[in-house]
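Participant: One structure, as structure tokens, below. Some questions next.
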Ligand code: ARG
């Protein structure tokens with residue numbers, strides 16, 4: 001593959017020159033397709049997902065607010081605290097009868113028995129950039145408990161999502177963005193001491209869906225050694241083996257502190273770790289199961305499953321004499337209650353909250369609530385403190401924007417790297433992307449000037465529609481509902497360009513990249529004209545492109561961002577005038593008459 005790519009990138013003179021002009025070079029169609037278009041489509045998908053999240057969140061806020069208003073005038077609050085909830089709403093730890101008598105004695109994750117769909121309604125899956133990495137356990141409507149080590153090297157909550165449990169008839173599992181990750185402050189990545197983290201979901205789990213919380217231990221006591229408890233997850237079927245395709249489960253006995261200590265030596269810290277499994281080996285959790293549950297049934301009028309352990313580590317998987325190690329949950333009861341019960345003003349607003357915040361549109365009361373954390377220690381007048389908090393919120397929001405952009409770019413870069421094969425130059429380049437702001441800001445202005453939208457004759461299917469404002473409903477008697485509706489309309493308008501594209505058409509197609517060979521920059525990139533299509537429409541913009549694998553990979557993230565921006569601007573421009581547009585700017589002159597630019601067919 002790498003060889004093929006390298007060959008394709010060798011500058012073959014004639015066929016790549018434009019109109020026989022030797023100074024221009026076209027990227028070959030294979031690169032346009034296999035690299036640019038593939039990555040571009042992923043970028044579009046990511047953009048659509050995040051637009052959808054932003055819109056959904058406001059829709060949920062509207063529903064929540066309307067619900068509160070219906071509940072009675074005295075009950076309406078200025079801001080629905082959507083992201084908090086009591087730690088254990090309603091019943092917990094209940095399994096569906098049809099799925100509860102599973103985990104036969106020989107069931108195991110290593111070696112495995114597949115759990116029936118919906119058997120573990122609290123078991124969730126944690127994904128980093130869409131890639132499943134760990135298990136987790138739903139412990140409240142908005143909270144998932146998992147292992148802190150899952151976030152080592154990947155602490156950015158914007159990149160994580162949680163897939164909830166599927167239903168008993170295989171009903172689709174819901175994927176929810178992560179709002180906040182709270183690793184235990186004393187987690188030690190070297191020893192795995194205190195390997196526990198709370199993850200706050202962006203939206204609470206709907207009681208109508210199949211996901212249900214497990215019970216947390218109410219007392220420090222744990223069931224005695226020998227109690228048969230259950231583990232579940234999608235982890236590997238054997239050490240270094242493939243991950244399971246469906247949830248697997250096993251029954252494992254709790255082992256005594258002494259047995260654990262003897263088996264695992266000083267690495268096991270009995271104060272915060274317990275061990276479970278068979279000294280004979282063969283049945284155990286394994287890689288990918290981390291963060292998942294170890295639950296024991298608590299008898300009573302209704303049997304409840306209580307979470308006593310969170311899968312943490314092991315010495316191999318299912319090895320004789322090496323039981324699996326789980327973080328003790330009971331000893332963290334206070335920390336868990338404290339974190340889940342904390343008022344939102346005690347925590348800095350999360351990046352996701354700040355990015356969903358639309359400062360000019362937002363109600364002052366809403367901003368005040370979001371930014372309350374920064375006003376806590378302020379000693380001035382209420383007004384002055386509110387202003388200060390607002391400023392700090394804005395500042396942090398800018399940092400979050402950069403962080404989200406930098407990570408998108410790094411993600412794209414990593415994908416590009418996979419496609420192009422590891423190149424020595426690439427790794428060195430990655431850190432410089434952590435500060436993409438100046439160049440991107442610059443390129444945005446540049447783009448606005450140079451954007452040039454064609455309405456091709458094949459234009460069909462997708463229409464970039466003028467955003468239609470949302471119908472205004474009657475908001476009488478429900479304060480805050482109307483501004484929320486306006487916010488929804490504004491969001492729908494701002495994201496219309498991507499939300500209106502049906503997912504089957506959501507493909508970015510790089511038609512052509514024409515590089516000016518005489519324009520090599522100090523960093524080895526060339527000025528190029530890029531033509532990219534989305535549906536029947538296409539945009540043309542100028543950007544910098546590398547012509548070797550390493551430089552191409554380096555230039556790719558920025559080109560993709562430029563392409564997205566171009567589609568967005570094109571759609572806005574078209575929305576304003578309802579019709580094909582040519583946005584002509586300085587440097588470009590009239591369509592196709594840029595001094596450097598041969599006409600692109
Ligand atoms: N650390 C592993 C993970 O990240 C879990 C390993 C559990 N190993 C065991 N033998 N029980 O998924």
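Participant: Scanning for something in contact with a helix residue (DSSP H, G or I) (Cβ under 8 Å, 6 or more places away or on another chain), touching a residue at least 60 places away in the same chain (Cβ under 8 Å), more than 30 Å from residue 245 (Cα to Cα) and more than 16 Å from the ligand (Cβ to nearest atom), does segment 368-383 turn up at least one residue?
Facilitator: Yes.
Participant: Could you tell me which residue of segment 250-259 is surrounded by the most Cβ atoms within 10 Å (Cβ to Cβ), considering only residues that are away from the ligand (no atom under 12 Å from the Cβ) and over 15 Å from residue 310 (Cβ atoms)?
Facilitator: 255
Participant: Is there a residue in segment 311-321 that is surrounded by fewer than 18 Cβ atoms within 10 Å (Cβ to Cβ), within 11 Å of the ligand (Cβ to nearest atom) and under 29 Å from residue 179 (Cα atoms)?
Facilitator: no
Participant: Working carefully through the options 303, 327, 295, find the one that is surrounded by fewer than 17 Cβ atoms within 10 Å (Cβ to Cβ) and in contact with a strand residue (DSSP E or B) (Cβ under 9 Å, 6 or more places away or on another chain).
Facilitator: 303
Okay, residues lined up against (1) over 29 Å from residue 315 (Cα atoms); (2) without any contact (Cβ under 8 Å) to a residue 60 or more places away in the chain:
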| position | (1), (2) |
| --- | --- |
| 163 | no, yes |
| 181 | no, yes |
| 208 | yes, yes |
| 217 | no, no |
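Participant: Considering segment 263-287 alone, what residues qualify as being part of a helix (DSSP H, G or I) and away from the ligand (no atom under 12 Å from the Cβ)?
Facilitator: 265, 266, 267 - these are the residues of segment 263-287 that are part of a helix (DSSP H, G or I) and away from the ligand (no atom under 12 Å from the Cβ).
One line per residue, one yes/no per condition, for (1) assigned to a helix (DSSP H, G or I); (2) buried (at least 19 other Cβ atoms within 10 Å of the Cβ):
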| residue | (1), (2) |
| --- | --- |
| 349 | no, yes |
| 352 | yes, yes |
| 358 | no, no |
| 365 | yes, no |
| 374 | yes, yes |
| 379 | no, no |
| 384 | yes, no |
| 388 | yes, no |
| 395 | yes, no |
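Participant: Please verify whether residue 306 is closer than 23 Å to residue 184 by Cβ, away from the ligand (no atom under 16 Å from the Cβ) and in a strand (DSSP E or B), treating the condition exactly as stated.
Facilitator: yes
Participant: A further question on this structure: Out of all the residues in segment 126-140, which are surrounded by fewer than 22 Cβ atoms within 10 Å (Cβ to Cβ) and in contact (Cβ under 8 Å) with a residue 40 or more places away in the chain?
Facilitator: 127, 129, 132, 133
Participant: Restricting to segment 152-202, what's the tally of residues that are over 16 Å from the mean Cα position of the chain (by Cα), more than 24 Å from residue 331 (Cβ to Cβ) and buried (at least 21 other Cβ atoms within 10 Å of the Cβ)?
Facilitator: The qualifying residues number 2.
Participant: Here is a follow-up. Suppose we filter segment 196-249 for residues that are closer than 19 Å to residue 115 by Cβ and either within 16 Å of the ligand (Cβ to nearest atom) or part of a loop (DSSP other than H, G, I, E, B) (or both); how many remain?
Facilitator: So the count comes out to 25.
Participant: Restricting to segment 122-144, name every residue that is more than 15 Å from the ligand (Cβ to nearest atom) and at pLDDT 95 or above.
Facilitator: Matches in segment 122-144: 122, 138, 139, 143, 144.
The values are calculated or read from the model by the stated rules, or taken from the named source; none is laboratory data. From a predicted model like this one, the values you see are computed outputs, not experimental measurements. Here the Cβ is made from the backbone with ideal geometry for all residues, glycine too, and neighbour counts use every protein chain on show.
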